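Structure first, commentary second.
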Amino acid sequence: MAWKIWKKPKERADEEYRKAYKKGINLGDWRSAYNSLVNAIKLYGEAGYTDRCLECRALACLCLALMYPERKKYWVEASKALRALGGKTISFPKPVNSLDLALECDLRAMELEIKELKSEEEKAKALMSLAQRYNTIKRDLLLVSILQGVNQDGESRGRVLIARAYIHLGNSVLDRDPLKAAEYYRMASLQFSSIGFAREAEDWDAKSKRLQEVRECWVCGRKVVGRDVNFIVLEGRITGYLAGMESGKTLKTFSDEGIVVCIACSSIITTIADRIAKAYYEKMMRALEETRRELLKRIERLESRISRLEWEVRMSRR
């Protein structure tokens, strides 16, 4: 409204500050809160309220980080701005010490940095180290609550990261040692289970058990360990005669689900099937092209006849 221009900068700044909470922070609308806080920073600066400027800047940086939670630089900036408050209690929307919140921003930035690592082993090592830092926090994590909608203290968050570290370790050896990978995945499952992540615990326990399965390839007869990695089960038909040949064998080459085929043999079968399918496809496309050309020729002949008939009709009317 026009009358607002007659208000002093401090009064207008206070209005923007309250608006940042009422229409932004309290509702989780970080963009609205950010815009109001930026206005408040300018107005408090004009009025000479340095402390308020610092507080609004810290809140604005935090809102910006929450607007773009996958951008590490915003968490780093938020941490610096929060530390500049020197341990002041702020509301976001609950009361929290600015240094405690700065630490959470630091740890969040570290998590994003770990995602950028290329090596599975490096990721695992970094996550283990980060978990130790989370373990020192003996309270619920505000940022986890906001971003993920769950209440999680530092120790629980640490266990999540340890579970993820075991998963990365499993991934690092999966190709060459499925049994070792299975053990890492089982340890990840136990970590998830310890903090009540039932679905994740079940998923990784199931994957661990599948990796421990040992079968014999129907095609080449090799003993293979690690379902879905070193062997798969394909649909197929087994007669009573063929089933009888399996009697007495420790390792089975088929089950109710289908026939066991190692990845090497499966890749050969797939390659051959792809080549056959491609050859049929190309043959069909050639036949369709020939048909298309023939149809075009017939259409041209028909159009020519129609044109001639139209000409004859016009001539006959003269």
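Subtracting the Cα-Cα distance of Thr250 and Cys220 from 0.36 nm times their residue separation leaves 9.2 nm of extension gain. Mind running the shape call on the chain? Use the C-alpha gyration tensor, a ≥ b ≥ c as the square roots of the eigenvalues: rounded below 1.5 for a/c, prolate if a/b tops b/c, oblate otherwise. Cα axes put the chain in the oblate bin.
Taking every C-alpha pair closer than 8 Å and separated by at least 6 residues, the mean separation divided by the residue count of the chain gives a relative contact order of 7 percent.
A straight chain from Ile306 to Ile146 at 0.36 nm per residue would run longer than the Cα-Cα distance by 50.2 nm.
Can you sort Leu62, Leu107, Leu309 so the residue with the fewest Cβ neighbours within 10 Å comes first? Sorted ascending by nearby Cβ count, the order is Leu309, Leu107, Leu62. Extension gain for the segment Lys283 to Gln132, taken as residue separation times 0.36 nm less the Cα-Cα distance, is 48.1 nm to one decimal. Site-free segments of the chain were taken between GluC sites (Glu not before Pro) in DSSP loops having at most 15 other Cβ atoms within 10 Å, sites themselves excluded; the longest one is 117-234.
Computing FRET efficiency as 1/(1 + (r/R0)^6) for Asn26 and Glu46, where r is the C-beta to C-beta distance and R0 is 35 Å, gives about 0.85.
Taking Cα centre as origin and charging only the Cβ of basic (Lys, Arg, +1) and acidic (Asp, Glu, -1) residues, the dipole magnitude of segment 1-71 rounds to 220 debye. A helix-only calculation puts the chain at -22500 deg cm²/dmol for mean residue ellipticity at 222 nm, using -39500 (n - 2.57) for each DSSP H run of at least four residues, averaged over all residues. If you run the Gaussian network model on the chain, springs between alpha carbon atoms under 10 Å, then out of Arg18, Arg215, Arg308 the most flexible one is Arg308.
Read-outs throughout are calculated quantities, based only on the coordinates presented, and are distinct from any laboratory measurement. Just so it is clear, the structure is predicted and the values come from calculations on it, not from any experiment. Cβ: placed from backbone, ideal geometry, glycine included. Neighbour counts: every protein chain shown.
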